[in-house]
1. Can you pull the percent of segment 509-663's accessible area that's carbon plus sulfur, 1.4 Å probe, other chains left in place?
2. Could you sort the peptides 423-429, 64-70, 480-486 by per-residue average Cβ neighbour count (10 Å cutoff), highest mean leading?
3. Which order do the peptides 270-281, 340-351 come out in when sorted by mean C-beta neighbours inside 10 angstrom, highest first?
4. Using a 1.4 Å probe, what is the accessible area per residue for segment 133-212, in Å²?
5. Name the chymotrypsin sites (Phe, Trp or Tyr not before Pro) in segment 503-579 that are in a loop by DSSP and that have at most 10 other C-beta atoms within 10 Å, would you?
6. Please calculate the 1.4 Å probe accessible area of Glu299, with all protein chains present, and give it to the nearest 10 Å².
7. Roughly how much of Glu592 is accessible, in Å² to the nearest 10, using a 1.4 Å probe?
8. If I compute solvent accessible area with a 1.4 Å probe over the protein chains, what percent of it on segment 258-378 is carbon and sulfur?
Amino acid sequence: MKISIISRFAVASLLAFGAVQALADVTLPRLLSDGAILQRDKPLTLWGWADEGEKVTVKFAGKELSTVTKEGRWSVTFPSFKAGGPYELNVTGKNQLVRKNILLGDLWIAAGQSNMELPLNRVKYKYPGLIESTNQPNIREFNVPVAYAFKGPLQDYTQGQWKTATPENMATFSAVGFFFMQKLHAESNVPIGLVAIPVGGSPAEAWVSESVLEKYPHYQKKLQPFKDDAHVQATSAKDKTNSDKWFADLGAADIGLKNNWQQEKLNTADWKTLQVPGFLKEQGSDFTNGALWVRKTIELSSAQAAKKAVLWLGCIVDGDQVYVNGQQVGQTGYQYPPRIYAVPAGLLKAGVNSISIRITSYSANAGFVKDKRYELALGEGLFGDEQIDLKGEWKYQIAARAGSMQSTTTLHYLPSALFNAKLAPALPLKIKGVIWYQGESNVDRADAQGVHRQPGGQCTDETCAASTSEYRYLFADLILDWRAQFKQGDFPFLFVQLANFLPAYEQPTESKWAQLREAQRQTLELKNTAMTVAIDAGEWNDIHPLDKQTVGERLALSANKLAYGKKSLLASGPNLKKLNAKGNKLVLSFTEVGKGLDVRGGELKRIAVAGADKQFVWARAEVKKDKLIVWTDAVAEPKWVRYAWADNPAGANLYNSAGLPASPFEARVSD
């Protein structure tokens, strides 16, 4: 015990000494490192830290400024510069710092959750050769790893560096962010930079400052205990203990592990049959959580066995360990990533080959996601020149049952945690604007009870007063908060509306996904905002659709209109402007139609009306330039109309003359 106490004292002393030493030197934030892209055409602020009263001289792009450090921080602001470079940044105090290869161009912040975070590596098989062939050194990204803070905004990042869009770096670039930057760079011919701060699964409340939480007392209350370091440590320790125990107990109980069910040859005569893809529950099993093993054998010729091989196993719920002929070839711990496992050379053989999968289920829905690729690809490349179909009958056996995993606290999802740690260090930067893709994690609270118009909220019309959509206020408050924090006026804030997801329904239905999309649409009330509609770019069976190019390039369209002065550009799909009733018909007027509304494929689909009872039925529609005339004989006095109102509005086919899809919407006839 004495040794432990002495060690802790020694470490604390060394840390304190190191902090003092660090303060003696002039330092720069990580954002101002080699390869940075800084905002052109705006006064340029550069900053850092040094001893109190220390004189700091900054030389950049042929100009020089000096200042004196106050309260440990210094900053200088140069007049605006035109796009160009590369430049060298030279900072001198008691020491000297040099940063090289700095460009002036346009700098954007990319934030949100996993669909903004998703790297190019995850979509490389949709865009073959992109990573290897891209060489655009004037497109750069500063990617910030996951971090959180509860006691207030952090001043600097602990990790992150600027990387160029060249083959050695491309795999980690945000896919949406890259396609956005690529489009802008091609059209503006100036350097484009992105500070990428998204966090998969993050809710909107994690991205607002604590001052905003005063309007949302339930979130403010949730944050408070985590300002105590001891509580944070205790929470993390408890969660780890519970998680470790669940997996350890499952491993100990798993008879498949005990009996080596991954082995090449195994008698499965008494195993049950599972159709792949598919889920155990829908095929009659009462299995929920625990471990099960599935197996399949395939026969290969000598020529087939000699080829390179990649195993495609779609998506598996939840975790998997995959074996070929008894040897593990890959594993994934959770549902979402695609299972694409290279098979080592020499492992396959002529004759019978076995594939064994240990599935760990903790979400009570074990199985294989439908409409994915399940095959063994033989030959060069990810897809090979020959494919062995793995769909169909597999054998399975339950190896262990387990109780529900105890819920855990994801610290970086807590209110204000990401604002403090991932946005705040970037606030001194001058920026061109923000791109945002988020909302999936707030869907389950789209109709939060008791949440009405918040003080200072943006909704003023009567339909908004009756809304229970928390996101309708929270998202608007987030945008206003970021603009206030950056202190650069109403800069462009471009966001992606949620893509289509989950099974489609044949009849009109209620939908939390649609409700959140409507909240996003209503946010367009805010100045200098634009929304990218993505209901035609999603996948019903994947919350992470692969088509990130469509999304990124549509965001770039909005940027061209809002941020680059192309005011006449048709940059979004039709958006509902006005609704009137004429007898038993509704007349809908739209903006952003170009040469007129375009119904693809004949009759308009996914349009529904209702009377005052809000019992929606499908309706007919007639297009007249920028208007829709909508009616049905089943509703004599229509009061409500909905378009594409579903989790997955499959078949929604209203576009404008530029080929951009209309936003889903709900509207009511004014009394």
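The values are calculated or read from the model by the stated rules, or taken from the named source; none is laboratory data. Remember, predicted model here, so these are calculated numbers, not experimental data. Note: ideal-geometry Cβ built from the backbone for every residue, glycine included; neighbour counts use all protein chains shown. Surface accessibility is based on the protein's heavy atoms, side chains included, excluding ligands, DNA and RNA. Shrake-Rupley method; radii C 1.70, N 1.55, O 1.52, S 1.80 Å.
1. Looking at segment 509-663 in its full context, I get 47 percent from C and S.
2. Ranked by mean Cβ neighbours within 10 Å, highest first: 423-429, 480-486, 64-70.
3. Order by mean packing, descending: 270-281, 340-351.
4. On a per-residue basis, segment 133-212 sits at 34 Å².
5. Qualifying residues, ordered by number: none.
6. Per-residue accessible area (Glu299): approximately 140 Å².
7. 60 Å²
8. On segment 258-378, the fraction of accessible area on carbon and sulfur atoms equals 46 percent.
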